[in-house]
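Down below is the structure, laid out as structure tokens.
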Amino acid sequence: MEKLFTINNKDFYHVSTTVLYTSSYNYLEDAKEFIHHNVVVINEEKNANLSDIPVSILQEFNCLDLLTKTDLTKIDNLKITILENLNTNKDVYVFLNVLTYLPREFKNKLITYLATQNKIIINYTEDIEESLLLNHIVVIHENQVIMEGAKEAILKEEKILNKLGFNLPFIVELSSGLKYYGLVNELYFNPESLVKALWN
């Protein structure tokens, strides 16, 4: 499998991944490496043009209101940047600490849309809630890869995550408490699965 990027001499491949990092990590160095691949890199500074987005895309993402808004917010501009870049022949979409600002519905729709297009997603974030969006996690602290693996395995390492300053995502922490009291039998990583388990 072709290498996609490297962190401190450790290679990562074409797998959709959350790069969960502490504030000391400079992800801009990674961005320099991404530009040598067939990749779209999206950050807050990237400029976008609303007129370049097909109406069908705006409609699919419930963003038709952007066409008539006269005073666009930071989140509006971020949506425009992302939507403008959906119609490309790029294989990989890299989000540099931007998805955390977006509404949950938009993020979920975006992840689903890119997955149906067989795109690889790399999401850099300091927000552990974002780790629930994708199935693979790399945890970075002071330029070191502390952990890497499946979401379910990484999010069970509560002690390590706590030492790095992360709490568990809310739904995982909630299901952990419910498991402790015998109300569920396992950890859950999305609200829908937890609600279904509680009703059964």
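Total residues in segment 66-79 satisfying the condition of being more than 25 Å from Lys32 (Cβ to Cβ) and touching a Leu at 6+ places or on another chain (Cβ under 9 Å): the figure is 6. Picking from residues in segment 91-130 that are acidic (Asp, Glu) and either out of contact with any Ser or Thr (no Cβ under 8 Å at 6 or more places or on another chain) or not assigned by TED's automatic domain parsing to the domain that holds Tyr25 (or both), the one that is farthest from Leu58 (Cα to Cα) is Asp91.
Is it the case that segment 15-34 has a residue that's modelled with pLDDT under 90 and in contact with a Leu (Cβ under 7 Å, 6 or more places away or on another chain)? Looking for residues that are modelled with pLDDT under 90 and in contact with a Leu (Cβ under 7 Å, 6 or more places away or on another chain), one finds at least one in segment 15-34, hence yes. Screening the candidates Leu66, Leu110 for the property of being closer than 22 Å to Glu45 by Cα and either at pLDDT 95 or above or touching a Gly at 6+ places or on another chain (Cβ under 7 Å) (or both) yields one hit, Leu110.
Only one residue in Glu33, Glu60 is surrounded by fewer than 17 Cβ atoms within 10 Å (Cβ to Cβ) and out of contact with any Lys or Arg (no Cβ under 8 Å at 6 or more places or on another chain), so which one is that?
Glu33
State all residues of segment 186-196 that are surrounded by fewer than 16 Cβ atoms within 10 Å (Cβ to Cβ) and either in the same structural domain as Asn108 (by TED's automatic domain parsing) or touching a residue at least 12 places away in the same chain (Cβ under 8 Å) (or both); if no residue qualifies, say none.
Selection gives Asn190, Pro191.
Yes/no per residue for (1) within 25 Å of Thr125 (Cα to Cα); (2) touching a Phe, Trp or Tyr at 6+ places or on another chain (Cβ under 8 Å); (3) surrounded by fewer than 19 Cβ atoms within 10 Å (Cβ to Cβ):
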| residue | (1), (2), (3) |
| --- | --- |
| Val41 | yes, yes, no |
| Glu44 | yes, no, yes |
| Ser51 | no, no, yes |
| Leu67 | no, no, yes |
| Thr70 | no, no, yes |
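The values are calculated or read from the model by the stated rules, or taken from the named source; none is laboratory data. All of these numbers come straight from a predicted model, not from anything done at the bench. Positions of Cβ are generated from backbone atoms using ideal geometry, with glycine treated the same way; all protein chains shown enter the neighbour counts.
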